[in-house]
1. Checking ALA84 against (1) farther than 19 Å from TYR109 by Cα; (2) among the small types (Gly, Ala, Ser); (3) in contact with a strand residue (DSSP E or B) (Cβ under 9 Å, 6 or more places away or on another chain), which single condition isn't satisfied?
2. Scan segment 124-148 residue by residue and report those that are among the hydrophobic types (A, V, I, L, M, F, W, C) and either in contact with a helix residue (DSSP H, G or I) (Cβ under 8 Å, 6 or more places away or on another chain) or assigned to a helix (DSSP H, G or I) (or both).
3. Just for segment 49-78: of the residues that are loosely packed, with under 15 Cβ neighbours inside 10 Å and among the aliphatic types (A, V, I, L, M), which one is nearest to ALA107 (Cα to Cα)?
4. Would you confirm whether any residue within segment 88-97 is farther than 24 Å from SER137 by Cα and surrounded by 14 or more Cβ atoms within 10 Å (Cβ to Cβ)?
5. Only one of these is touching a residue at least 24 places away in the same chain (Cβ under 8 Å) and among the charged types (D, E, K, R): ASP104, ASP96, ASP117. Name it.
6. So which residues in segment 120-153 are surrounded by 10 or more Cβ atoms within 10 Å (Cβ to Cβ), closer than 17 Å to LYS24 by Cβ and in contact (Cβ under 8 Å) with a residue 24 or more places away in the chain, if there are any at all?
7. Say we look at segment 35-48 and pick out the residues that are closer than 17 Å to ALA89 by Cβ and of a type in the set (A, V, I, L, M); which of these is surrounded by the fewest Cβ atoms within 10 Å (Cβ to Cβ)?
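The values are calculated or read from the model by the stated rules, or taken from the named source; none is laboratory data. Predicted, not measured: the structure shown is a model, and the values here were computed from it. Cβ placement follows ideal geometry from the backbone for every residue including glycine, while neighbour counts extend to all protein chains displayed.
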Amino acid sequence: MAEVGFYQLRTSALESALPRLLQKVLEAGHRVRVVGASEARMEALNAALWTYDAASFLPHGGPRDGDAARQPIYLTSESADAAANENGADVVVTIDGVEPVFLDGVARYLDIFDGTDETALGAARQRWKRRQAEAHSVTYWRQGEGGGWEKLG
């Protein structure tokens, strides 16, 4: 079964925290598929990744950019073909409460959610229980005051 890490945002918005996580994933030699709730959300995230830090670059793209296989980070929405792995990702990041589709060749899933929103927190707890019931290896990470991640379980 896959490893599923739950990441609770507490001190910064997704647009600030996600680029740092993606940078670490790329530095470790992985390819990433990021799945959000809507095309509009992913377009906004696309813009945020271009501008988050003038001193760095995260190579990424989405369906409108074409040539998905060349994108180290591929941004797509839940409405896309859920069983596709357009860029050959071995890490999948889900946001906005999207349920992951477990794909061949993907060993790690990151479920990032807003820990300051009670509805999002409750939904994440339910996803956690489902992943445990499915016998996935589940870990829990919480954003600390400085923005770093603390492993809780």
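1. (1)
2. Step one: list which residues in segment 124-148 are among the hydrophobic types (A, V, I, L, M, F, W, C), which gives 124, 128, 133, 135, 138, 141.
Across segment 124-148, the qualifying residues are ALA124, TRP128, ALA133, VAL138.
3. That would be ALA69.
4. Taking every residue of segment 88-97 in turn, none turns out to be farther than 24 Å from SER137 by Cα and surrounded by 14 or more Cβ atoms within 10 Å (Cβ to Cβ).
5. That would be ASP96, the only listed residue that is touching a residue at least 24 places away in the same chain (Cβ under 8 Å) and among the charged types (D, E, K, R).
6. THR139, TRP141, ARG142, GLN143, GLY144, GLY147, TRP149
7. Let us first name the residues in segment 35-48 that are closer than 17 Å to ALA89 by Cβ, namely 35-36, 42, 45-46.
Next, only the ones that are of a type in the set (A, V, I, L, M) stay: 35, 42, 45.
Values: VAL35: 24, MET42: 25, LEU45: 21.
Of everything passing the filter in segment 35-48, LEU45 is surrounded by the fewest Cβ atoms within 10 Å (Cβ to Cβ).
Residue by residue, here is whether (1) at pLDDT 95 or above; (2) closer than 29 Å to LEU152 by Cα; (3) acidic (Asp, Glu) holds:
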site	(1), (2), (3)
ARG33	yes, yes, no
GLU43	no, no, yes
PHE57	no, no, no
TYR74	yes, yes, no
ASP81	no, no, yes
GLU86	no, no, yes
PHE113	yes, yes, no
